[in-house]
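The values are calculated or read from the model by the stated rules, or taken from the named source; none is laboratory data. These figures come from a predicted structure and were not determined experimentally. As a convention, Cβ positions derive from the backbone with ideal geometry for all residues, glycine included, and neighbour counts pool all protein chains shown.
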Amino acid sequence: MGIRSKAALRNITALILLLIVAAGLTFYSEPLWVNDQITRAKLWHHNVHSKYVDVDGYSVHYFEAGPTEIPGKPESAGIPLVLIHGIGSRGEDWAPMIAPLAAQGFHVYVPDLLGYGRSPQPNVDYSISLEEDIILKFMDTLQLEHADVGGWSMGGWIALKLTLDHPEMVDHLVVYDSAGLYFPPTFDASLFVPTDAASFATLRQTLSPINKPLPAFVVRAAIRLLQRNGWVIERSFFAMIDGKDLIDFRISDLHKPTLVVWGAADQLIPLPVGQEMHDEIAGSQLAVIPDCGHLAPGECPKPVLKATIDFLKSSH
């Protein structure tokens, strides 16, 4: 090997080592950002597209995935399905469900609610009514005259209210560990905005019985993120507990085919709330997911997907 070849090899080796060190430092300093890039790359690989649309003057981010269209067969565009995330969440948290639902013939739309994910954070009240209006205008903008709608936690409350206020827009409804009915809470807004490792551990234990140990640098990054978005989370929470958007006295008026999905070990919104919701919605179905908590769609996607697909396909 010549001198030039050896020098080139040393340069390439040094460059590779430099890239490895840079990648390690990036992961150490911003592990959640790195994880997001991996999640988004996986979604892209499965033909889940990241997009933006102007909704009432706001550039709202959303994911979209649909089955392959067949020329001359409009139905191949898929059954429209809008999925709405919960408090402190964003579209990526639906990642385990988006591509599988598209593969089953659904055209899936997953918006980031106002204040969350990659959507703007204006100075507004972040009430259920406001987010419902964003979803309504999101559907109008994308010319979705009607769709199946799924909502998780706070997103379930938004989906329920949307169905009650605009039944013509919703064909079938699926709610996952949904808020919306009054129950005596055992927590306050501070639960969602932890300030140290102990309060972050409390949040994790409340949300899920599946708690793998996390490195300290990941915990610190998660706390930083929640603190940065804490003002939006707190406004959402206080708007929810003021009671004006509760649907206790309206829920029996809901007459759309409905599936209620609940993690059996949910400590945030306990299973009896889901059972009450099921009892109040005439003809609804209840799917209880064993050994899973409030994060059922993300942590227990297989049984949640099966329940969702079975219900929607049998209804259609």
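Overview of values
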quantity	calculated
Residue satisfying all of: in the stretch 213-246; of a type in the set (Phe, Trp, Tyr) and either in contact with a Cys (Cβ under 8 Å, 6 or more places away or on another chain) or surrounded by fewer than 18 Cβ atoms within 10 Å (Cβ to Cβ) (or both); nearest to His294 (Cα to Cα) among these	Phe238
Residue identified as touching a strand residue (DSSP E or B) at 6+ places or on another chain (Cβ under 9 Å) and of a type in the set (A, V, I, L, M) among Val232, Val218, Val170	Val170
Residue in the stretch 211-225 that is polar (S, T, N, Q), in a strand (DSSP E or B) and over 30 Å from Pro122 (Cβ atoms) present	no
So Ser119, is it crowded, with 24+ Cβ neighbours inside 10 Å, assigned by TED's automatic domain parsing to the domain that holds Glu280 and part of a loop (DSSP other than H, G, I, E, B)	no
Residue list for the stretch 83-108, restricted to those being closer than 11 Å to Val48 by Cβ and assigned to a strand (DSSP E or B)	Val108
The one condition in (1) in contact with a Leu (Cβ under 9 Å, 6 or more places away or on another chain); (2) surrounded by 17 or more Cβ atoms within 10 Å (Cβ to Cβ); (3) not charged (D, E, K, R) that Ile210 fails to fulfil	(2)
Per-region count, the stretch 167-205, residues within 15 Å of Leu225 (Cα to Cα) and either touching a helix residue (DSSP H, G or I) at 6+ places or on another chain (Cβ under 7 Å) or not in a helix (DSSP H, G or I) (or both)	9
Some residue of the stretch 13-32 being outside any helix (DSSP H, G or I), at pLDDT below 95 and under 18 Å from Leu144 (Cα atoms)	no
Residue match in the stretch 255-275 (condition: part of a helix (DSSP H, G or I), at pLDDT 95 or above and within 13 Å of Leu173 (Cβ to Cβ))	no
Residues being among the aromatic types (Phe, Trp, Tyr) and either within 21 Å of Met169 (Cβ to Cβ) or in a helix (DSSP H, G or I) (or both) - total across the stretch 122-151	1
All positions within the stretch 165-180 that are within 20 Å of Glu131 (Cβ to Cβ), surrounded by 18 or more Cβ atoms within 10 Å (Cβ to Cβ) and not hydroxyl-bearing (Ser, Thr, Tyr)	Met169, Val170, Leu173, Val174, Val175, Asp177, Ala179, Gly180
Test for Ala65: is it at pLDDT below 95 and within 21 Å of Asp140 (Cα to Cα)	no
